[in-house]
Every structure is written in structure tokens, then in C-alpha cells.
1. For the range 145-252, what is one quarter of the convex hull surface built on the Cα atoms, given in nm²?
2. Each residue of the range 46-60 in order: what ³J(HN,Hα) in whole Hz does its phi give by Karplus 6.51 cos²θ - 1.76 cosθ + 1.60, θ = phi - 60°, with x for Gly and Pro?
3. Would you mind calculating the relative contact order of the range 145-252 from Cα pairs under 8 angstrom and at least 6 residues apart, reporting the percent as a whole number?
4. Along the range 239-246, what does the Karplus equation 6.51 cos²θ - 1.76 cosθ + 1.60 (θ = phi - 60°) give for ³J(HN,Hα), rounded to whole Hz, x for Gly and Pro?
5. Please identify which residues in the range 21-59 have an amide N closer than 16 Å to a label point set 7 Å out from the Cα of Q209, following the Cα→Cβ vector.
6. Tell me, in nm to one decimal, what length is gained between Q187 and K79 on full extension, where the rule is 0.36 nm per residue of separation less the Cα-Cα distance?
7. Mind checking the full-extension length gain between E102 and T13? Use 0.36 nm per residue of separation minus the Cα-Cα distance, one decimal, nm.
8. With an 8 Å Cα cut-off and a minimum separation of 6 or more residues, compute the relative contact order for the chain in percent.
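What follows is calculated from the coordinates using simple rules that are stated; it is not laboratory data. Bear in mind that the values here come from a model prediction, so they are computed numbers and not experimental data. Cβ: placed from backbone, ideal geometry, glycine included. Neighbour counts: every protein chain shown.
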Amino acid sequence: MYEEGQKPGDIITEAQVRRRIEILKPYTKWVRSFSCTDGNELIPKVAKEYGIKTLVGAWLGNDPEINEREIKGLIKLAKEGYVDIAAVGNEVMYRNDLTEEELLEFIYKVKQEIPSVPVGYVDAYYEFSHRPLITDACDVILCNCYPFWEGCPFENSLDYMKQMYKQVMQASQGKQVIITETGWPSQGESLKAAVPTKKHARDYFINTQLWSAVDDIPVLYFASFDESWKTGPEGTVGAYWGIWDKNEKLKF
């Protein structure tokens, strides 16, 4: 949701949320949000106005005060009817921001407060094999699958993503598995054999959508819009994951 010149921590306005949801509406049935504070709580509210379903995340990190605000915000939105699936944290284990016990406490707290809403946790696909207690706590398994970040050549990327998905399915205990992020950057630095080009980004998107449709795999694609702030944590490719560019123009 962040526009040019914005970054996490900046306040998002209702006007920008509304404008971007209007851009997305003709193309999608779901949107995913990553936070329930600083204006991000407006995303599911506006999405519901436009008839779009919501996967709403509480952003958990190493600041206890922010974590409490995020969890309260997620519970409030869910009780008001704006949440179709609740995500308690995103890649928290991957970043080592919390212990497994701390994360589980948050998951069970949210489940207790909103028993009618499916609750999950988002992380890299392999975490659900390695952390059966977290898998057990989730109503739905929310996994991020990025062949690019594992240096996979584009030509093998769809098969590689299918292997990632299969690994999560085997760990899922029969629960629904949703790919909550996948994508390919349109420019920037290569990572081993993974090369970001406009053609690769376009064709990865098409391959993902066809696989999703044919095999009935639920996928949330990352990302909607390019975001320049992401060059910091991810290098030059960070700014180029969008289907739309930073000026809200479709790339393809």
C-alpha cells in the first residue's frame, strides 16, 4: 500500500487505500494486508465495501508494545466482520523476532477471541515442516513460496514452486494450504541463477495463474504495486515485485 516516498511506519490515508483498491477491484477476489495499525486497518474495511475478501495480518516483530497494538487491531477488525482469514504474524520465525512459544501465545489468544474466523500464521514454506507445534495451532496454513529467493532459474521455477507446495501439503495435517506470497521481480540484481527481467516476471505470473486455475491452488500474488522503500532490505530487486509499477501503471 506504500506510495513513492512512503515506508512502514508512515500513516496510510483512506484516500490512497480507496484509490488502490479501486485499481485492484477488476482483477482480484482477495487482498492481503500486513498490518492493523498506521492506516493499514483501513484496507480490509475499504476492500469489503468493494466486495473483496480479506486476509488480514497483524505485523509482529521485536517491539512488545507494537505487537499488542497489532493483535488488538486484528481482533477488533475480525469482530467487526472485516476479516475472512486472520494471519497472526508474517515470517516472524524466519526473522527470529520472537520465540516459538511467544508466537504460539499470540496465535492461541487470537483464536480464543475470534473463534468464527480461520486463524493462521504466514511464513516460508519449510517452516511448517520444521515447526509442528505452529502447524498444529493454525486453522489454515499460510505459506510463502519464492523460487527466486532460492536462486532457482526461471525455467525451473514453476516445478520448484510445486515442490514447495507439496512439502507444505505433507506437513499440513490435512488443513487447507494457501500460498500467501509468490512472485518474480521485473528488474534488479540476479540471485545465483534467478534472473529478474520483465519477461520472466510476466511469464512467472502467467504460469502461476494457470497452475492455480487448473489445479485449484489458492494463491495470493506478491505484489500489487512496486515499492521503492524495499530496496533497503532486499537490494535493488526489492522495488520491482509489482504487477503495477510505482506510478500505478500495469507493467504488462
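1. Mean shadow area of the hull around the Cα atoms is 6.8 nm².
2. 5, 4, 4, 4, 8, x, 9, 6, 10, 10, 10, x, 9, 7, 10
3. 26 percent
4. Per residue, the Karplus-derived 3J(HN,Hα) values read 8, 10, 9, x, 7, 9, 7, 5 Hz.
5. Those under the cut-off are 23-31.
6. 34.8 nm
7. Result for the pair: 28.9 nm of gain on full extension.
8. Here the relative contact order equals 13 percent.
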